Each structure stands twice: as structure tokens, then as C-alpha cells.
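Structure record follows, encoded as C-alpha cells.
Just so you know, all these numbers are worked out from the coordinates, no wet-lab data involved. Just so it is clear, the model here is predicted, and its values are computed rather than measured. With ideal geometry, Cβ positions are generated from the backbone for all residues, glycine too; neighbour counts draw on all protein chains shown.
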Amino acid sequence: MNIKRVLVVVSALFFLLTNTHGQGLPEDGPLTIDESLQNLAERLLKGKQGSIVAIDPATGEVKAMASNSAINDGINRAIGVAYSPGSTFKTAQALTLLSESVLYTNSRYSCNKGFWRDKIHIACHEHLNRLDMVNALGQSCNSYFCQGFATMMKDRVKYRTKNVAINKWNSYMTSMGLGAMLGIDMEGEASGLMPDSSLYEKLYNGRWNGTTVMWVGMGQGEVRATPLQLCNLAAVIGNRGWYRVPHIHQPVNGLPLDTKYTAKHFSLANAKAFDTVVEGMKTCVTSGTASRQKSPFYEWCGKTGTAENDGKDHSVFIGFAPKDNPKIAICVYVENAGFGADLAAPVGALVIEQYLTGTLTKRSENHAMQWEKFQVVPDNLGMPNDSLLQTYSINKKEMQQASR
Ligand SMILES: [Zn+2]
């Protein structure tokens, strides 16, 4: 361990033990926030760097938005940082691949703790081989979604060129509210990133193919999303295909809400694809990677993510509940906290329970107290340095200048 690293850890520990900095709710209310949910979210984030955000899928109202940083950097991490979405992104992949008939519900790929393709190895954890789509989501199979994405990029029957394929793929992602600012009524929203042909032209000089970029299939590589966008993705799936732009201010003086926040935005994915992905996210909670979060009181849906980055993996979870006519969609994103199933999923389950039942059982309250005391030392103090996003913003600036 070098000296710089020691200094970062020591100062992070000092800040975590002395103080953490909640950031971000606007001060010009009235807000759409649910006080008891917000309090719980802030408690659960203590001693950790990251965010918890919750939306009512039917209205787009933000019900909780907690953000915490080890230093007082003023960043609202729920909206202001675009991260690798990790495996939570497999839900959006599944919707795209199914709707484009690149894959079907019964499509299978072999996976023996991963697979090899052209000297590239994609690793996976141990699970039954050759899962179908629902179980590939439930078990979060990396091989399945990397190969599925590569298959779409290489399909020259459906797509004349790889550029046509990636741009078609991009249009699905954009339609789910990914890759650009959603337009929440707050300052400091980051845009995120979904690749298209112009980005790949820039990054690879045109020398890319379905195999060289297949990590995108599992939410790694050239994809970035804010926790708000991932929460909104959970809302899109809960609603089986649409969202309203998330917003945090209530209308005032008896005026109706701006139509920007009442209009429905429809995704390109089809109804059948949503049925399959909802089933996959239910399986995640009943018998998959988040099976410890199964509730005896309601059926619900989730997806874990473990996002690789320069430091220790980020722990991620998205979900909505109940499964039908959901009342709440959530995203928990905790930096450098390891497996999604270990921290983000149980924390997310507590947020869901609080909102749906209005309280926590005694057992859940004990868990909440444990998470409140649990500390995770972040690898980065302040805004993560993301050279890919910098490349992209330069690219965008050049394109805008060129188009003027
Ligand atoms: Zn696998």
C-alpha cells in the first residue's frame, strides 16, 4: 500500500468517524418527500458514501433522496454522479434483446463460471448451466447478457452494419430514460452515457465489434447512469413501459404541475418483454441473488449489481414493490461496498418495507440499526475521476460545435 493510499484511507476513516455529510434536498419546498422514508434512508447511509433514492412510479414524485459523502464536497450522489450500473443494467438489456427478437424467453447460453470468446474471458459466479432468460436475470449470469449483447451487435440480418445495431440499441436505452439528463427539478444532475456509433467511432477509431465491447452487456464498459436514472429504470419496469420525469417539488398556489412532469414517456420495449423481465426480477428476490430479501407480506421485484471500478466494487440494487401496481421504486448505490446482495439489497428491502407498511418490524428495525452502525471506507474522496465520461463530453462538445 503506497503512502497516498494510506493517507486517503486514514482521512476517510477520520471523516467517517467524525462526521458524514448528507447532501442535497432543495430548501424551497413544499417537497414530495415522505419524511419517515427520508429519515430511514439517511440513517441507513450513515458511515457510507453513496445514495438512496425512491420514486412513486405512478407519479414520478421523489419520496426519498439521501446522499452521503465522506467529505463535504457538495455533490448530491443520487443525481450528480454517473456510475457503472453493473448488473442492474441487465434488466434494460433483456428488454432490448427481447423486444428486438434477438433473444427469446427460452434462449439459453452456456456458462461455466463464465466463458471465453476470442481470447477474452468473462467471469461469472457458480450457478446452474444454460439458464433461460428469467433465471439468467434471477442469477445475474454475466455470460448470458454479454453474449446476448454481442449477438445483437453481430446480427447482419437485422442490422445492415454494426453502427446501425448500436444506434438501434441506443434508442431503446434512451427511451428508458438512460444516457441523458432526466430533467429533475433540481440543480446538479449529471447526464450519464449510453454508447452510439459516434462514441465508438471516437473511442475505437471504428475498430470495434460485438466481442470487443461485450462488457456493456453486463453494465460495464462504456455505460454510465446516475442512481436517479437507475431508480427511474425500476419505475419504467414496474409500470411495464413508461415513466414520468422524476420531480421533487409539489405544485404551489393551486397551480397544476408543469406538463413536463405529468407527461408519460413510453419506452420502445414491448409488453411481452416487460412480463419476462418482471418475472426475472421477482425470481431475483424469491430464489436468486437477493433471495434473503424475500418478504412474507408482499411479492416484489429487484435486481442486484456489483459494479466494477478502479477501486473496490460498488454495491448496487434496484427494485420496485409490490410486483403489480407498484407504489415505490428504489435504487441503492453504495461506493466500494462489494457485492450488491450483501449491502445494497438488504438496505433496499428495508426502504421498501418502510414505505409499503408504514413501519419496520422489530426484526427489520434491528437490521436497520446494524446498517446504521456499519461503515464502508470509500476509495475516492469526492467526485470519482472518470476519463471515459471526460472523453465523451469532449466528443459531445466537438459534435455540437460541428453542427452549429
Ligand atoms: Zn453465468
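Descriptive notes on the structure:
- K373-V157 FRET efficiency (beta carbon distance; Förster radius 45 Å; 0.05 resolution): 0.20
- Cysteines in the chain lacking a second Cys C-beta under 4.7 Å: C111, C124, C141, C146, C284, C301
- Computed from phi, the 3J(HN,Hα) profile of the range 202-212 under the Karplus parametrisation 6.51, -1.76, 1.60 (θ = phi - 60°) reads 5, 6, 10, 6, x, 8, 9, 8, x, 6, 5 Hz, with x in place of Gly and Pro.
- Counting 0.36 nm for each residue step from L381 to N39 and taking away their Cα separation leaves a gain of 120.7 nm.
- FRET E, pair T262, D28, Förster distance 22 Å, beta-carbon r, rounded to 0.05: 0.60
- Highest-first arrangement of 214-221, 379-386, where packing means the average Cβ count within 10 Å: 214-221, 379-386
- Between amide H atoms placed 1.01 Å from N, distances below 5 Å from G382 occur with A70, I71, all of them 5 or more places distant or on a separate chain.
- Backbone HN-Hα couplings from phi across the range 83-90 [Karplus 6.51/-1.76/1.60, Hz, Gly and Pro as x]: 10, 5, x, x, 5, 4, 6, 4
- Rounded Å value of the spacing that divides the Cα centres of the range 177-195 and the range 316-344: 19 Å
- Extension gain for T359-R207 works out to 49.3 nm (0.36 nm per residue, less the C-alpha to C-alpha distance).
- Close amide H pairs (under 5 Å, H built 1.01 Å from N) link L193 with G179, R224, A225, residues at least 5 positions away or on another chain.
- Above-threshold pairs, the threshold being 22 Å between Cα atoms, out of K303/K323; K90/K323; K113/K303; K264/K303; K63/K264; K113/K323: K264/K303; K113/K323
- Length gained on full extension, D118 to A180: 19.0 nm, using 0.36 nm per residue less the C-alpha separation.
- For the range 19-374, the spherically averaged projection of the C-alpha convex hull amounts to 17.4 nm².
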